[in-house]
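The numbers here are math on the coordinates, done by the rules we state, and not lab data. Remember, predicted model here, so these are calculated numbers, not experimental data. Quick reminder, even Gly has a Cβ in these numbers, built from the backbone with ideal geometry, and neighbours come from all protein chains shown.
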Amino acid sequence: PLITSTQMFKNAHKGGYAIGAFNVNNMEIIQGIVEAAKEEKSPLILQVSAGARKYASPIYLKKLVEAAVEDSGLDIVLHLDHGESFEICKACIDDGFTSVMIDGSKYPFEENIALTKKVVDYAHSKGVVVEAELGKLAGIEDDVDVSAKDATFTDPDEAVEFVKRTGVDSLAIAIGTSHGAYKFKGDPRLDFERLEKITNLLPNTPLVLHGASTVLPEFVKMCNEYGGSIPGAQGVPEDMLLRASKLGVCKINIDTDLRLAMTAAVRKFLIENPSEFDPRKYLSPARSAIKNMVQHKIKNVLGSSNTL
Ligand code: G3H
Ligand code: 13P
Ligand code: ZN
Ligand code: NA
């Protein structure tokens with residue numbers, strides 16, 4: 001069935017690994033991810049953004065994920081990614097999501113707490129878990145000083161107070177990752193000192209890393225070789241994600257890597273087969289590319305293989 005992330009985060013915390021949370025918006029993406037998780041015997045979170053919900057319409061995504069559960073026999077967490085209001089969180093909870101994120105990170109501390117608490121109260125009354133966010137996602141520029149980091153990154157003491165006052169189940173933190181395919185201007189770096197501090201202060205709170213795609217060079221290259229133009233794309237190196245998942249990080253969010261894998265495969269197929277126009281022909285290699293990429297992540301980056 002659809003399940004909450006409570007037990008899988010406990011296991012991940014203890015085992016020093018992380019669960020992949022993959023953004024989905026169509027059938028082939030869902031199928032590729034689920035096939036990979038099944039083969040790896042890995043726990044799985046599928047997440048839906050407001051944009052994805054609008055693109056596919058809520059009922060389609062819900063039914064596709066239900067189909068994936070039924071077809072695969074896997075238990076899956078269905079999570080709302082970056083819910084920005086109480087209303088969208090409530091709508092997803094009422095629709096049967098087992099987990100929601102309320103992203104109040106753009107609000108001042110007290111407003112973020114009040115909004116998060118409101119969602120937690122409603123969600124918990126329905127048996128649904130909640131992720132919140134404290135701090136603003138931004139890459140570390142080469143010469144960003146300490147005060148600039150303190151202004152955007154998650155403050156460890158505030159994190160403790162935030163979790164205590166909201167009762168939230170997991171917390172997304174800002175330590176230098178960012179969304180999209182262009183994460184770092186210079187060399188990639190994350191604030192591991194901060195992550196260690198937060199991990200030590202909140203030993204029972206699963207931490208979440210957003211903007212955690214590695215931006216696989218293989219797919220960037222393939223996109224660029226087959227007519228695309230995404231120069232200078234750079235993600236979070238695999239060894240950093242491994243290091244983070246040995247600390248308090250239990251959930252690693254991945255969207256960009258799915259987009260790149262799918263687009264690279266479609267571009268390649270269409271260029272190499274100019275006379276094909278059956279969508280099934282180009283979406284099959286796209287689905288396989290997603291499956292292989294996700295399987296690689298589960299095995300080598302998340303460390304969640306064989307933990308079911
Ligand atoms: O955090 C952002 C996710 O990658 C979802 O992106 O809002 O374009 O669906 P989206
Ligand atoms: P990426 O853009 O690094 O894939 O991050 C996705 C994400 O954080 C979704 O919430
Ligand atoms: Zn995110
Ligand atoms: Na972990």
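Observations on the structure shown:
- Residues ASP150, ASP257 in ascending order of nearby Cβ atoms (within 10 Å, fewest first): ASP150, ASP257.
- For the stretch 1-67 versus the stretch 100-137, the gap between their alpha-carbon centres in whole angstrom: 20 Å
- Sum of side-chain charges, PRO237 neighbourhood, beta-carbon under 11 Å (Lys, Arg +1; Asp, Glu -1): 0
- Around ASP121: net Lys/Arg minus Asp/Glu count, Cβ-Cβ under 13 Å: +4
- Crossing angle, helix 27-40 versus the chain [Cα axis fit, 0-90 degrees, rounded to tens]: 70 degrees
- In this structure, LYS126 and ASN300 have a Cβ-Cβ separation that, at R0 = 51 Å, corresponds to a calculated FRET efficiency of about 0.90.
- Once C-alpha pairs closer than 8 Å and six or more residues apart are averaged by separation and normalised to the residue number of the stretch 1-150, the relative contact order reads 21 percent.
- Residue-count net charge about LEU2 - beta-carbon cut-off 15 Å; Lys, Arg +1, Asp, Glu -1: -3
- The label point for TYR182 and the one for ARG280, both projected 7 Å from the Cα toward the Cβ, are 4.0 nm apart.
- Toward the positive end of the charge dipole of the chain, with +1 on the Cβ of Lys and Arg and -1 on the Cβ of Asp and Glu, the farthest Cα among CYS92, PHE277, VAL130 is that of PHE277.
- Cβ charges +1 (Lys, Arg) and -1 (Asp, Glu), total dipole of the stretch 6-302, debye: 600 debye
- Tilt relative to the chain, helix 6-15 - C-alpha long axis, 0 to 90 degrees, to 10: 90 degrees
- Projecting the Cα atoms of HIS179, LEU64, VAL146 onto the charge dipole of the chain (Cβ charges, centred on the Cα centre) puts LEU64 farthest toward the positive pole.
- Residue order for LEU195, LEU64, fewest other beta carbons within 10 angstrom first, comes to LEU64, LEU195.
- A straight line joining the Cα centroids of the stretch 237-308 and the stretch 138-213 runs 24 Å.
- Over the stretch 6-302, Cα pairs under 8 Å with separation of 6+ residues give a relative contact order of 21 percent.
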